[in-house]
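Undergrad: Quick one: structure below, then a few questions.
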Amino acid sequence: MSDLLGLHRPGTTLLHRLGAGTKLLGLVVLGVVVVLVSGPVTALPLVAGAAGVLAWASGGVRPVWRALRGVLLVVVLLGAWLAWAQGWERAVERMADVATLVLLATVLTTTTPIDAMLDAITRGLRPLRRVGVSPEGVALAFSLMLRSVPATLDLARETRDAARARGLERDPRALLVPLALRTVAHARATGQALHARGIGDD
Amino acid sequence: MTPTPGVRLESVRVVVETVDGPLEVLQATSLDLVERRVALIGPNGSGKSTLARLVNGLVEPTAGRVLVDGLDVVESGREVRRRVGFVFTDPAAQLVMPTAAEDVALSLRRTHRDPAVRRRAAEDVLAAYGLAGLGDRSVHALSGGQRQLLALAGVLATGPSVLVADEPTTLLDLANARRVGDLLLGLDLQLLLVTHDLELAARCDRALLVDGGRVVRDGPAPEVVEHYRATA
């Protein structure tokens, strides 16, 4: 659960050797294609293809299952609602889209060190410095976003355990309120830690 | 003029707003800290963490000023943060990258522009703090002691001249607390150590006993620790 989007796994595949900027751009383009292409007939091959690429890049099917397991509940709930509201075809298409995007994102994080991604984003956004954009700031925000997903899931698990220990696992307030407070506290603590390390000063 | 080395507090007060009105968490305090290892001890809520956080600007004084090597912490915040490292009690929030090597590399981005050189430097830093071979390990998969060592390594990689450590051994088991404590006391920089570990505090050169938002005892660490043991 903690490594929802996967950790970098050193390797020698073509995807490992590709530049981080190329892969980021590829992810953006593929993301747009996945969202624009409609119908389960195309969505399902896309999810199968993404799963195959991840299995190849990470050396097995276990990372595929781990990536999908992290979003399984959300995908199932989304699918159930869409099936009820818009029909099963739409539900299958959207469920497959979410799964494909998660798998493709995991391919990126599995084959690319975060450090290389930071460099690629900083390089790519350098021209925007003239209009006031801080490339280092955007790159840092990107990496913090990647880190915050598993961190928030960890907080959710701890909060659920705490509620369960008091017999309050069925009370949404005992889950949502502490989770919101702890997430904000974690964000503040992370901000303080970055501030203390002087990261973001440049 | 040569800047005054060390940490100086000049009539520093800290007042925070609470739902019950203003609360003075640190009364007017003046200090010159030039010793290599200074311990801050005292009960919970006494103001010792506030005092420590003043040193790198995590807390700003309501009145007075804080100087590090002659630099005002508020006016020269960026320069001061380059000189003052900070280690928190819980390393979880301090480790912001997925793997150990990437977290150290984040600290090295300013000084090592080339990614390959930075990666090697990060591995060297990890090895220096007993974390060799753990570069690709998820920070989640590290033990509590390893996480605190990693947090420490990430801060020390920036080459600070002052390190503030806010209860860095509180969450650790006995063996890891000793390991981190020994490492901290052996560092070749000025250490400001907030701690409830009185054995560790007694090994410092100087100790400040903080209670009720003021420094109530200040002197050689063994004496101050003994006084605290006798009166707590």
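Undergrad: Residues B:Val25, B:Val68, B:Val15: which one is buried (at least 22 other Cβ atoms within 10 Å of the Cβ) and either among the β-branched types (Val, Ile, Thr) or farther than 30 Å from B:Gly145 by Cα (or both)?
TA: None of the other options fit; the residue is B:Val68.
Undergrad: Going through region A:44-76 one residue at a time, which ones are touching a Ser or Thr at 6+ places or on another chain (Cβ under 7 Å) and closer than 22 Å to A:Pro10 by Cα? Steps first, please.
TA: Keep residues of region A:44-76 that are touching a Ser or Thr at 6+ places or on another chain (Cβ under 7 Å), which gives A:46-47, A:50, A:54, A:56-58, A:63, A:67.
Passing the criteria: A:Ala50, A:Leu54, A:Trp56, A:Ala57, A:Ser58, A:Pro63, A:Ala67.
Undergrad: Got a number for residues in region A:110-126 being within 11 Å of A:Lys23 (Cα to Cα) and not in a helix (DSSP H, G or I)?
TA: 1
Undergrad: Could you check region A:1-98 for helices (runs of 4 or more DSSP H) lying wholly inside it with 3 or more residues that are touching a residue at least 40 places away in the same chain (Cβ under 8 Å), surrounded by 12 or more Cβ atoms within 10 Å (Cβ to Cβ) and more than 18 Å from the chain's Cα centre (by Cα)?
TA: A:40-58
Undergrad: Considering A:Ala174, A:Ala139, which residue is within 14 Å of chain B (Cβ to nearest Cβ), at pLDDT below 85 and either within 17 Å of the chain's Cα centre (by Cα) or surrounded by 15 or more Cβ atoms within 10 Å (Cβ to Cβ) (or both)?
TA: When all the criteria are applied, what remains is A:Ala139.
Undergrad: Another one. For region B:86-104, which residues satisfy the criterion of being at the interface with chain A (Cβ under 7 Å from one of its Cβ atoms) and either outside any helix (DSSP H, G or I) or at pLDDT 90 or above (or both)?
TA: Of everything in region B:86-104, those that are at the interface with chain A (Cβ under 7 Å from one of its Cβ atoms) and either outside any helix (DSSP H, G or I) or at pLDDT 90 or above (or both) turn out to be B:Phe86, B:Phe88, B:Gln94, B:Val96, B:Met97, B:Pro98, B:Thr99.
A quick yes/no check of all residues on (1) more than 14 Å from every other protein chain (Cβ to nearest Cβ); (2) in a loop (DSSP other than H, G, I, E, B):
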position	(1), (2)
B:Val38	yes, no
B:Asn44	yes, yes
B:Gly57	no, yes
B:Val74	no, yes
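Undergrad: While we're on this one: When region B:207-220 is examined, which residues are found to be more than 9 Å from B:Ser46 (Cβ to Cβ) and crowded, with 19+ Cβ neighbours inside 10 Å?
TA: Within region B:207-220, B:Ala207, B:Leu208, B:Val215 qualify.
Undergrad: So which residues in region A:128-185 are charged (D, E, K, R) and under 21 Å from A:Leu24 (Cβ atoms)?
TA: A:Arg129, A:Glu136, A:Arg147
Undergrad: Does B:Arg83 qualify as being surrounded by fewer than 17 Cβ atoms within 10 Å (Cβ to Cβ), farther than 22 Å from A:Thr109 by Cβ and either of a type in the set (D, E, K, R) or more than 10 Å from chain A (Cβ to nearest Cβ) (or both)?
TA: Numbers: surrounded by fewer than 17 Cβ atoms within 10 Å (Cβ to Cβ): no; farther than 22 Å from A:Thr109 by Cβ: yes; either of a type in the set (D, E, K, R) or more than 10 Å from chain A (Cβ to nearest Cβ) (or both): yes.
No.
Undergrad: Would you check which residues across region B:105-142 are surrounded by 19 or more Cβ atoms within 10 Å (Cβ to Cβ), within 11 Å of another protein chain (Cβ to nearest Cβ) and at pLDDT 85 or above and list them?
TA: Those that are surrounded by 19 or more Cβ atoms within 10 Å (Cβ to Cβ), within 11 Å of another protein chain (Cβ to nearest Cβ) and at pLDDT 85 or above: B:Ala105, B:Leu106, B:Ser107, B:Leu108, B:Arg118, B:Arg119, B:Ala122, B:Gly135.
Undergrad: I would also like to ask the following. So is A:Ala151 within 14 Å of chain B (Cβ to nearest Cβ), closer than 23 Å to A:Leu18 by Cβ and either acidic (Asp, Glu) or surrounded by 15 or more Cβ atoms within 10 Å (Cβ to Cβ) (or both) or not?
TA: No; evaluated as a whole, the condition is false for this residue.
Undergrad: Please enumerate the residues belonging to region A:108-151 that are among the β-branched types (Val, Ile, Thr), in contact with a helix residue (DSSP H, G or I) (Cβ under 6 Å, 6 or more places away or on another chain) and under 30 Å from A:Gly52 (Cβ atoms).
TA: A:Thr110, A:Thr111, A:Thr112, A:Ile114, A:Ile121 - these are the residues of region A:108-151 that are among the β-branched types (Val, Ile, Thr), in contact with a helix residue (DSSP H, G or I) (Cβ under 6 Å, 6 or more places away or on another chain) and under 30 Å from A:Gly52 (Cβ atoms).
Undergrad: For region A:82-93, state whether one or more residues are within 26 Å of B:Ala101 (Cα to Cα) and not acidic (Asp, Glu).
TA: Applying the first criterion (within 26 Å of B:Ala101 (Cα to Cα)) to region A:82-93 yields none.
No.
The values are calculated or read from the model by the stated rules, or taken from the named source; none is laboratory data. Quick caveat: nothing in here was measured; it's all calculated off a predicted structure. Every residue, glycine among them, receives a Cβ derived from its backbone with ideal geometry; neighbour counts consider all protein chains shown.
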